[in-house]
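For reference, the structure discussed in these notes is given below.
The values are calculated or read from the model by the stated rules, or taken from the named source; none is laboratory data. All figures in this text were calculated on a predicted structure; none of them were measured in a lab. Heads up, the Cβs are rebuilt from the backbone with ideal geometry, glycines too, and the neighbour counts pull from every protein chain shown.
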């Protein structure tokens, strides 16, 4: 039961003023600019864009500043902001085959055409704290080398040519949009992919990890992981043609997984897919593993009762804003609810005590 | 959207170029070259979102990846040409300059704009892309076999 009460305005206002002061921190330390956050905490910015489901690095950096670095709070701010934006249309599907790759690796083919391009990766660093970063100093420029301008071929195409991997035939049906219609189950793969790409990184990672540990194991290889810029093209109704409106950085992961086959179809590799805003490879790999696990029905596999196979479970719990909203609301005043519980438990105790006394007499 | 006329293809290319140009760079080139032409708004700059779509497996069924911010506007020059802009981000001045260039490119100023604005923007974009590609190329792995375990 909710009962409206008033009061606390002054306390709330003072709390928010103190929040502002604490956010700023000591005045003798330089204030962070949005440009600094955008440029130097770019992976945090990427996560906020991916899970906030709005590609705008300046807004994500502002949200991180306002949220004092609490990324879920920052994602919350972005989700709230995006509801105020009019929807001006949708893009043509981005063509990741034309990506200008910063990074492109394959764990399945050493000599993949286009090569293994590591990009600006944490891989192979020693994970030792670099105390040189604690002192300000100039960073040496990244080395450069002549580059081949041709787009990187897709690794899965090499398997596809041989027919030993399941194909992804193009389909231009209008995809369902979870931001426009209430979620219904079964959701189907396009809606699942939307939910996963904006889902909480930690949750999607843990679901993916559970499949690796044996809860609906699907034997994934990272066929290809690529990070880079793609153009976004939108139809302009007044002109009757499509125009590039900008470019975004995305991370794409294609996994190659163990086989399915049937009487009519010889065994072939299956695949999982991850595509996420920004340089976000942990999330993209996780998404691909969970996508693959959720395809059990379509691929004629058994439902092993594993959490990662349960579409409703995964999708209903992947969103950190829904989760934190429901979780954190329990700290808000529930005085009246609790009062009724208190009365109930007192009454139950009184009844039990009375019965014991009766029995004793 | 197939089979565009040659002039439509050109316009598509410059509109894309203007949208992808960093706002500051466009502002610098535009403001030093063009005297602000007279125009009226057909649609004042409006900030909104576009839903970006991807394809499952890169080539399969479409799905909604997430939104991006966009600013659009349309204007008419005093001489009658109409310019449109659809530009990533929330920068109304960027959209206005992009629409002005789009309109002016339909006038006899087009060759001058091409060499003063669009040419330099294209060169800047190519230099940016090449620099990143060259840094990426420097991180390409050269494998060499240490020992084969067959013997």
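Hey, can you tell me all the residues within the range A:105-119 that are in contact (Cβ under 8 Å) with a residue 12 or more places away in the chain and either loosely packed, with under 10 Cβ neighbours inside 10 Å or within 8 Å of chain B (Cβ to nearest Cβ) (or both)? It would help to see each step written out before you state the result.
Step one: of the range A:105-119, the residues in contact (Cβ under 8 Å) with a residue 12 or more places away in the chain are A:105-109, A:112-114, A:116-119.
Those that are in contact (Cβ under 8 Å) with a residue 12 or more places away in the chain and either loosely packed, with under 10 Cβ neighbours inside 10 Å or within 8 Å of chain B (Cβ to nearest Cβ) (or both): A:116, A:117, A:118, A:119.
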For the range A:251-273, check the following and say yes or no: at least one residue is over 30 Å from residue A:162 (Cα atoms) and surrounded by fewer than 20 Cβ atoms within 10 Å (Cβ to Cβ). no
In the range B:93-140, what count of residues is obtained for those that are surrounded by fewer than 16 Cβ atoms within 10 Å (Cβ to Cβ) and in contact with a strand residue (DSSP E or B) (Cβ under 8 Å, 6 or more places away or on another chain)? 2
Residues of the range B:1-26 that turn out to be more than 12 Å from every other protein chain (Cβ to nearest Cβ) and more than 16 Å from residue B:97 (Cβ to Cβ), as a count: 1
Considering (1) at pLDDT below 95; (2) assigned to a strand (DSSP E or B), say which one residue B:45 fails and leave the rest. (1)
Enumeration of residues in the range B:54-73 that are in a strand (DSSP E or B), surrounded by 22 or more Cβ atoms within 10 Å (Cβ to Cβ) and at the interface with chain A (Cβ under 7 Å from one of its Cβ atoms): B:54, B:55, B:63, B:64, B:65, B:66, B:67, B:68, B:69, B:70, B:72
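When you check residue B:48 against the structure, is it within 7 Å of chain A (Cβ to nearest Cβ), within 17 Å of residue A:235 (Cα to Cα) and surrounded by fewer than 21 Cβ atoms within 10 Å (Cβ to Cβ), yes or no? Quick ask: steps written out before the conclusion?
Numbers: within 7 Å of chain A (Cβ to nearest Cβ): yes; within 17 Å of residue A:235 (Cα to Cα): yes; surrounded by fewer than 21 Cβ atoms within 10 Å (Cβ to Cβ): yes.
Here the answer is yes, as residue B:48 does meet what is asked.
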Candidates A:103, A:87 - the one that is in contact with a strand residue (DSSP E or B) (Cβ under 6 Å, 6 or more places away or on another chain), at pLDDT 95 or above and in the same structural domain as residue A:199 (by TED's automatic domain parsing): A:103
Somewhere in the range A:309-324, is a residue assigned by TED's automatic domain parsing to the domain that holds residue A:200 and farther than 17 Å from residue A:183 by Cα? yes
Give me the pairs, please: first residue somewhere in the range A:279-298 and not assigned by TED's automatic domain parsing to the domain that holds residue A:187 and in a loop (DSSP other than H, G, I, E, B), second residue anywhere and surrounded by fewer than 23 Cβ atoms within 10 Å (Cβ to Cβ) and modelled with pLDDT of 95 or more, beta-carbon distance under 8 Å, and either six or more positions apart or on two chains. none
Given the criterion in a loop (DSSP other than H, G, I, E, B) and away from every other protein chain (no Cβ under 14 Å), identify the matching residue among A:93, A:26. A:26
Which of the numbered conditions does residue A:44 fail, given that it passes all the others? Conditions: (1) within 22 Å of the chain's Cα centre (by Cα); (2) in a loop (DSSP other than H, G, I, E, B); (3) farther than 24 Å from residue B:46 by Cα. (2)
For the range B:27-35, indicate whether the set of residues that are within 30 Å of residue A:179 (Cα to Cα), touching a residue at least 12 places away in the same chain (Cβ under 8 Å), more than 9 Å from every other protein chain (Cβ to nearest Cβ) and assigned to a helix (DSSP H, G or I) is non-empty. no
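Hey, which of the helices (runs of 4 or more DSSP H) in the range A:129-214, taking only ones fully inside, have at least 3 residues that are more than 12 Å from chain B (Cβ to nearest Cβ) and within 24 Å of the chain's Cα centre (by Cα)?
A:201-212
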Go over the candidates A:188, A:199 one by one and state the one that is within 26 Å of residue A:92 (Cα to Cα) and crowded, with 23+ Cβ neighbours inside 10 Å. A:199
Within the range A:62-90, can you find the residues that are more than 30 Å from residue B:59 (Cα to Cα), within 11 Å of chain B (Cβ to nearest Cβ) and not in a helix (DSSP H, G or I)? A:84
Would you please name the residue that is farthest from residue A:287 (Cα to Cα), looking only at residues in the range A:37-61 that are free of Cβ contacts under 8 Å to residues at least 24 places away in the same chain and more than 14 Å from every other protein chain (Cβ to nearest Cβ)? A:40
